[in-house]
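Below is one structure, written out as structure tokens, with a few remarks after it.
The values are calculated or read from the model by the stated rules, or taken from the named source; none is laboratory data. Just so it is clear, the structure is predicted and the values come from calculations on it, not from any experiment. When we count neighbours, we look across all protein chains shown, and the Cβ atoms used for this are built from the backbone with ideal geometry, even at glycine. With ligands, DNA and RNA removed, areas are computed over all heavy atoms of the protein, side chains included. Shrake-Rupley method; radii C 1.70, N 1.55, O 1.52, S 1.80 Å.
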Amino acid sequence: MESIEESQIFVIIFSLNYADSSWCLDEVAHIMKRKDMIGQIVMPIFYDVDPSTVRNRKEKYGEAFAKHKLENKNKVKCWKKALVDASSIFGCELKNIANGHESKAVKEIVDKTSLRLQQVTTSTGNERLIGIAPRVQRLKPALQIGTGGVRMIGIWGVGGGGKTTLASSVYDKISKNFDGCCFVANIREESSRRGLKELEKEILSQMGAHSVGRGRSLRDKKLCNRKVLIVLDDVDQLDQLEKLAGSPDGLVMEAE
């Protein structure tokens, strides 16, 4: 429990037999309590089990809770709420990552977790930058978070003017309010080196939508029902926005 309280990111791996363990259920309950209090990042991973099975306590989860009602009656209500809350967060289903190749999927998850941790650490540094706080406060209302719909915001300016710093600072402040988020850096350089198709794959991967093959229609289908935040950093060509963002329905935030 002390480790949970000292952590900034929680990776919860839901397996078939997860709910058999009262200790695991105690941990997930404490994690979700900390998330509600402090707002830490929770990344659920579903290993050989569907999110709906966890959320609705079906199959082995239902069998486990039938036993817990007899042995841990006082904790069952708290455990149920924790499972519902955790499994409702947009996470990763291992079978859908890297075509089900487990070791490659693990690497993707580690990379994604490391990126989120780096963003959390960078956030602390950004907060100490002189003059950044009022710029963040001026930009946040333009995003109209919580009002529904989709917003596309552009940050335009000369090189070295602090566009990336401002975008990353806002991203750090608000990313916890979204089901999925990604920050794709150095679009100008990376699009030349890797191509826009690979960058689109990266966006979908960070969002947990790993199938790519039918272009914008697939991306829109994967993301349209989720509250997501995407930042494209150092965009310098119109086609980069058109292919990676499309219409305002495809992008929440953009930094030139």
Query - Residue match in region 174-182 (condition: β-branched (Val, Ile, Thr) and under 24 Å from Glu242 (Cβ atoms)) - result: no
Query raised in the report: Limited to region 50-75, what total is found for residues that are free of Cβ contacts under 8 Å to residues at least 12 places away in the same chain and crowded, with 17+ Cβ neighbours inside 10 Å?
Result: 1
Report task. Run Leu25 past the list (1) at pLDDT 90 or above; (2) touching a Leu at 6+ places or on another chain (Cβ under 7 Å) and report the number of the one that doesn't hold. Result -> (2)
Requested in this report: Evaluate the following for Met37: is it crowded, with 19+ Cβ neighbours inside 10 Å, aliphatic (A, V, I, L, M) and out of contact with any Ser or Thr (no Cβ under 6 Å at 6 or more places or on another chain)?
Outcome: no
Query - Matching residues in region 17-70 - criterion: being among the small types (Gly, Ala, Ser) and within 22 Å of Ser175 (Cα to Cα) - result: Gly39
Query - Scan of region 5-30 for residues that are touching a strand residue (DSSP E or B) at 6+ places or on another chain (Cβ under 9 Å) and open to solvent by less than 20 Å² (accessible area, probe 1.4 Å), ordered by number - result: Phe10, Ile12, Phe14, Val28
Query raised in the report: Just checking, how many residues over region 159-200 are open to solvent by 40 Å² or more (accessible area, probe 1.4 Å) and either in contact with a Pro (Cβ under 7 Å, 6 or more places away or on another chain) or at pLDDT 80 or above (or both)?
Result: 11
Requested in this report: Answer yes if at least one residue in region 98-108 is open to solvent by 70 Å² or more (accessible area, probe 1.4 Å), under 26 Å from Phe178 (Cβ atoms), modelled with pLDDT of 85 or more and not in a helix (DSSP H, G or I), and no otherwise.
Outcome: no
Query raised in the report: Which ones in region 64-97 are polar (S, T, N, Q), modelled with pLDDT of 85 or more and in contact with a helix residue (DSSP H, G or I) (Cβ under 8 Å, 6 or more places away or on another chain)?
Result: Ser87, Ser88
Query raised in the report: Which of the residues belonging to region 141-158 are open to solvent by less than 70 Å² (accessible area, probe 1.4 Å) and at pLDDT 80 or above?
Result: Ala142, Leu143, Ile153, Gly154, Ile155
Query - Residues of region 40-49 that turn out to be open to solvent by less than 70 Å² (accessible area, probe 1.4 Å) and either of a type in the set (Phe, Trp, Tyr) or farther than 25 Å from Gln8 by Cα (or both), as a count - result: 2
**Report entry** Cβ pairs under 6 Å, 6+ apart, first in region 82-96 and within 10 Å of Val28 (Cβ to Cβ) and open to solvent by 50 Å² or more (accessible area, probe 1.4 Å), second not in a helix (DSSP H, G or I) and not aromatic (Phe, Trp, Tyr)
**Finding:** none
